[in-house]
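Following: one structure in structure tokens, then a few remarks.
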Amino acid sequence: MAEGKAPAGRKPYLAGRVEFAALYDVRPLQVSQWISRDHTLDYRFAKIISGSPYWLLQFVKGFGETTPRPRHLNHAELERLTKGQDPGYWVREVEQLPPLVGQAELVALFRLPSGELLRRAISTGRFRPADYTLSGSPIWLLEPVVADAPALQAGARAVDWAIDDKVLAALREGSYDGPGSRIVPRGKAANKVAE
């Protein structure tokens, strides 16, 4: 199988901030510091989904060898993470990822007035289960969600689950710049932006 091609029914291996930290036996805050303070990490090998970075696991597993002070990869954690995402495949470039969405993108895609309607549909089983749960957040492959839309529409009572064609096209093309497409500062960083 060629690396980077999307085999049917499989998803690319990814790691959120929590998984990245676990792979190097550090706290998630350390991953943030690698970005903001040390500048040893950036978002070139990450996809921003619902305002959070999700790195290509191929990049993450080699990250420790690129730092000024080499860091050792926790191979047991790597095995656990890949096993949890199987059937999966390795991707080297963000451009090779299939379209992925989180809750913010889904709210925009279905033109929902709030995320609460989506969370309710997920919790009651009317919306397909997430393909991933990384760093505590659900992530879906876009195409199966789109394929499920007619069934959602047929069973809808108060929400029509109509897909916004412009949002769909942008998600497929990788040009989406709506809610969730950027990292929103939180905590002290958010206060500095607001000032």
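The values are calculated or read from the model by the stated rules, or taken from the named source; none is laboratory data. Note that this is a predicted model, so its numbers are computed, not measured. Cβ sites come from the backbone with ideal geometry, for glycine too, and all protein chains shown count toward neighbours. In case anyone asks, the SASA skips ligands and DNA or RNA and just uses the protein heavy atoms, side chains included. Shrake-Rupley method; radii C 1.70, N 1.55, O 1.52, S 1.80 Å.
Once label points are set 7 Å from the Cα along Cα→Cβ at both Ile35 and Glu77, what is their separation, rounded to one decimal in nm?
Distance between the two pseudo-spin positions: 1.7 nm.
What ranking do 22-32, 169-179 get when scored by the average of other Cβ atoms within 10 Å per residue, highest first?
Going from most to least packed, we get 22-32, 169-179.
By a straight-distance test (C-alpha under 20 Å), which aspartates and glutamates pair with Lys83 as possible cross-link partners, with residues fewer than eight away in the same chain excluded?
Filter leaves Glu3, Glu19, Asp25, Asp131.
Answer with one residue from Ser36, Pro113, Pro68: the one whose Cα lies farthest towards the positive end of the charge dipole of the range 1-123, charges on Cβ with Lys, Arg +1 and Asp, Glu -1.
Pro113
Rounded to the nearest 500, what is the 222 nm mean residue ellipticity of the chain from helices alone, with -39500 (n - 2.57) per DSSP H run of 4+ residues and division by all residues?
When only DSSP H runs of four or more count, the value is -11500 deg cm²/dmol.
Given Cα pairs under 8 Å that are at least 6 residues apart, what percent is the relative contact order of the range 43-152?
23
Provide Thr40, Thr67 ordered by accessible surface of protein heavy atoms (probe 1.4 Å), highest first.
Largest accessible area first, the list is Thr40, Thr67.
Using the crude model of +1 on Lys and Arg Cβ and -1 on Asp and Glu Cβ, and no other charge, please compute the dipole size for the range 77-195 relative to its Cα centre, in debye to 20.
Value, rounded to 20: 480 debye.
Lys61 accessible area, nearest 10 Å², 1.4 Å probe?
Solvent-accessible area, nearest 10 Å²: 70 Å².
Highest GNM mean-square fluctuation, the chain, Cα pairs closer than 10 Å: which of Gly64, Gly180, Gly102?
Among Gly64, Gly180, Gly102, the largest GNM mean-square fluctuation belongs to Gly64.
Got a number for the accessible area of Ser181? Probe 1.4 Å, square angstrom, nearest 10.
30
Quick one: divide the alpha-carbon radius of gyration of the range 22-140 by 2.2 N^0.38 Å and tell me what you get.
Ratio of Rg to 2.2 N^0.38 Å for the range 22-140: 1.19.
Note down, for the range 124-168, the three equivalent ellipsoid semi-axes (square root of 5 times each alpha carbon gyration tensor eigenvalue), biggest first, whole angstrom.
Semi-axes from the Cα gyration tensor: 20, 14, 9 Å.
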